Amino acid sequence: MPRAAGQGWRGHAGRRSSGRSAPRYRRRVAGPDDETYTVGDLNRLIRQTLARRFPDEIWVEGEMRGLKRHAASGHVYFELADPSADGRQADAVMQVALYRTDKEAVNRLLRRTGSVRMADGVHIRIRGTLDYYPPQGKLQLRMRWIDPEHTLGRLEAERRRLVTALTDEDLLERNRRLPYPLLPLRVGLVTSHGSAAQEDFLHELGASGLAWRVTCVASSVQGPGAESELVAGLHTLARLDVDVIALIRGGGARTDLAAFDGELLARAIASLRVPVLTGIGHETDRAVADLVAARPAKTPTACAAGLVRDATLAHDRARRAWSAIAERARADLDHGHANLDRVAHRVTGAGRRQLDRHAATLGHATTRTGRSARLIPVAATDEIDRLGGFVALGARRRLDQATTSSREHRRRLVTEAPRALRRGEAALAARSARVDAADPARLLARGWSITRTVDGRAVAGAAAVHPGQELVTTFADGSVHSTVDATDLTPGSTDLRPDGTGAEPPSTDSDPNTEDAT
């Protein structure tokens, strides 16, 4: 009850200051009729006023902050706030209490929906009664019910708005248009450290037996600060030497995945110059991060399996190419050996035939000489003997010459055969050099480049492209993505397109959480 004041009260006396605008406060002395309330009386009056103004339950919406669960009592306490424009502070705050008896009914409702979990940063709509607690002078809302559809509706509306904005700004497929590496063995990974998602992802890669190099950046995957941490992790990995970046997390309620529907994360993925893969454990829906990423997957394991498949295909292609090169080299080597054997055989046969001809000539000369000597008269014996001496001498000389010539042919055969072998080996080396020179990797290293359409077809000339067409040019140290503004054909050039029409322009997991939702 109000009672008369024993003493009066004084207002704040204004300080003297220069200037006409300085405020001055009057001192007021309480009279005998002024009422003064005790703290208890004032608290009871406030409580009665609130009860008359809000006699029934009311609906209140806001963003959850400072969630606290008391294990001993089973009660839950948090703040419901209207966030400011910058999201850092709150324009208004209401203390909320969810007692154990009401909490059980709320949990049953949230488990049936399976898509909403009460957590910091989640915008909710709840029903309850205003309660003023006099011992602490504290006003709070006693929560009795929740509207999950309100939270889901806000999330879906924000998601649709963001997807429309990204589409209008041509950001939805920007990361998907980046050239994808042929052998993506250097992987950047952004996820919660020590989580089941990280373990499943790394186990799938390790089981493939390939030489992976994984760089991990730890980040929160849910909660108010999760989106900023995810964006920072992506930018950190983009500055490193990685082929792709994997962004993964396990399943959860729709509100647990809110960070992956955020605008900051979506724009960060679209702006990266490294292909981003996602493996967000949500089977029934796709997050905005999935829509912006180069290659989305439903789970972390599926994301890793896709990487294994890409790397295995590239490895098999390289192995087949090297096998073909080795087979061609062996064929050329066998052909060179066969040619060398034929040359050696011809040289040996020619030497043998030349030696036989000289021996036959010498034999014929000796036979004719002996026959002629028997026909000469006895009177010419001395002359015959003299001539015979000359003949014998000449025969010996011819024989010596034939012997020398035979030796020379043998020596030349021994000398020429290795030379022919070396010439064959030189020819084989030249052919091997031509095979190496045709290696595309060497051509690229020498400054050549390969231009293809976005679907992988090689561009043979300016007539094969048209304005507005997207091209990918491969160099030794990377690739360049470009768009044709115009074509300038050389007069008299022929249409290099196979069909005369040119390259066609390119066509444009839920695992409900079984624990308490609160």
Hey, among the residues in the range 150-172 that are loosely packed, with under 15 Cβ neighbours inside 10 Å and at pLDDT 80 or above, which one's farthest from Gln48 (Cα to Cα)? Asp170
Scanning the range 418-464 for residues that are surrounded by 12 or more Cβ atoms within 10 Å (Cβ to Cβ) and in a loop (DSSP other than H, G, I, E, B) gives Asp439, Trp448, Ser449, Val454, Arg457, Val459, Ala460, Gly461
Quick one: Thr278 ticks every box in (1) at pLDDT 90 or above; (2) assigned to a helix (DSSP H, G or I); (3) under 15 Å from the mean Cα position of the chain (by Cα) bar one, so which box is it? (2)
Quick test of your reading of the structure: Arg411 fulfils all but one of (1) within 60 Å of the chain's Cα centre (by Cα); (2) of a type outside the set (Asp, Glu); (3) over 20 Å from Trp322 (Cα atoms). Name the failing condition by number. (1)
Scope the range 231-265; condition of a type in the set (Lys, Arg) and within 16 Å of the chain's Cα centre (by Cα); matching residues: Arg239
Would you check if there is a residue in the range 181-191 being surrounded by 16 or more Cβ atoms within 10 Å (Cβ to Cβ), β-branched (Val, Ile, Thr), touching a strand residue (DSSP E or B) at 6+ places or on another chain (Cβ under 8 Å) and not assigned by TED's automatic domain parsing to the domain that holds Gly262? no
Hey, could you check the range 192-230 for residues that are part of a strand (DSSP E or B) and surrounded by 14 or more Cβ atoms within 10 Å (Cβ to Cβ) and say which is farthest from the chain's Cα centre (by Cα)? Ala218
Can you tell me which residues in the range 433-453 are within 13 Å of Thr474 (Cβ to Cβ) and at pLDDT below 80? Pro440, Ala441, Leu443, Leu444
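The values are calculated or read from the model by the stated rules, or taken from the named source; none is laboratory data. Just so we're clear, the structure is a prediction, and the values are computed from it rather than from any experiment. Here the Cβ is made from the backbone with ideal geometry for all residues, glycine too, and neighbour counts use every protein chain on show.
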